[in-house]
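This report concerns only the one structure given below.
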Amino acid sequence: MPSIIDISEVLLEMGLADVSETDYERAVVNSAITRAEGAIKRFLRYDPVQRTRTEFYPQKDLPALYQRAVWESQGDKAILRGLAGAATDLLQVQHIPIRSITSLVIDYSGRFGTSVDAFTATAEIEGSDYWPTYDGVDDDGNSFCRDGLIRSFGRWPTEPGSVKVVYSAGYTKAELHGQANILDASPIIDAVINESKRRALKVFIDAKSTTAGGTGFVAGPIVSERMGDYSYQIGGGGGSGSSTDRKLGGIYDLLPETISMLSDFVNWGWSLSGG
């Protein structure tokens, strides 16, 4: 089911938001929204809707650095941590922007939460053991971290699945709809609506041109014309290479203008980290 926008928003943009819409039209639009949201989430590399998430890091093995280790101390606590080739004091989470961290626990034998008594140790302390790179304050006065980076006192563990993070990330409904003063994520909503509309239009146009007695809602683009002895045809009936295809694109891809709209919201850090 769609999670970023409601079907009524797309129906309104398509002129179907009234009692005249049919069950068939609603089903087509709902399916189009689901596909559009899936494509946009894949491009962004995360779900932009704000919710609480539980994730384990690191998510892949890092090459060992000649079995070296380093002692880290703070107050009366000292830790010996092994070094890996990519060990760092930065932890990149997948979903952005970070709005708050409920808990962060380190367990070297946690194994992504599958081992006995995994992650039952005392949680790390925000501001002392770790801190997100908060770079702004939202309309409610709460800090947010756009890049999804969490810094650590010392280096993060390199054992996969040894850090459990429970955090809230994403944009509120008001921010997605351009109703907030600080964070404006409305281009994401616009992209979902545009991509949903074109996917639905492809179905309606194809149904009209290929089904006897089809009831597509408006005539599609002109694909052929005759004037006396002169005639031409572009592609055919919604098939590959037709003007409909060139105008509406494929079902699974994103149009260039959509990519441009979304570029400022991609989690590039997650992409570059290989997540």
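The values are calculated or read from the model by the stated rules, or taken from the named source; none is laboratory data. Note that the coordinates shown come from a computational prediction; the quantities given were computed from them, not determined experimentally. FYI the Cβ positions are ideal-geometry reconstructions off the backbone, even for glycines, and counts take in every protein chain you see. For the accessible areas, the whole protein counts, side chains as well, though only heavy atoms, and no ligand, DNA or RNA atoms are used. Shrake-Rupley method; radii C 1.70, N 1.55, O 1.52, S 1.80 Å.
Residues of region 30-48 that are open to solvent by 10 Å² or more (accessible area, probe 1.4 Å) and under 12 Å from LEU262 (Cβ atoms): LYS41, ARG42, PHE43, ARG45. The residue list PHE153, PHE144, PHE119 contains one member that is open to solvent by less than 80 Å² (accessible area, probe 1.4 Å) and in contact with a helix residue (DSSP H, G or I) (Cβ under 7 Å, 6 or more places away or on another chain), which is PHE119.
Might you let me know whether region 178-186 holds any residue that is modelled with pLDDT of 95 or more and over 27 Å from GLU37 (Cα atoms)? No - not one qualifying residue is present in region 178-186.
Close Cβ contacts (under 9 Å, 6 or more residues apart or on different chains) running from residues in region 19-43 that are on the phi < 0 side of the Ramachandran plot to residues that are open to solvent by 60 Å² or more (accessible area, probe 1.4 Å) and of a type in the set (D, E, K, R) comprise ILE33/ASP6; ALA39/ASP253. Taken as a whole, the condition of being at pLDDT below 90, under 30 Å from LYS197 (Cα atoms) and either of a type outside the set (S, T, N, Q) or not in a loop (DSSP other than H, G, I, E, B) (or both) does not apply to ALA36. Can you find, within region 116-161, the residue that is farthest from the chain's Cα centre (by Cα) among those that are outside any loop (DSSP other than H, G, I, E, B) and closer than 20 Å to LYS60 by Cα? That would be SER152. How many residues are over 15 Å from LEU12 (Cβ atoms), in a helix (DSSP H, G or I) and out of contact with any Pro (no Cβ under 7 Å at 6 or more places or on another chain) if we restrict to region 184-200? Selection size over region 184-200: 6.
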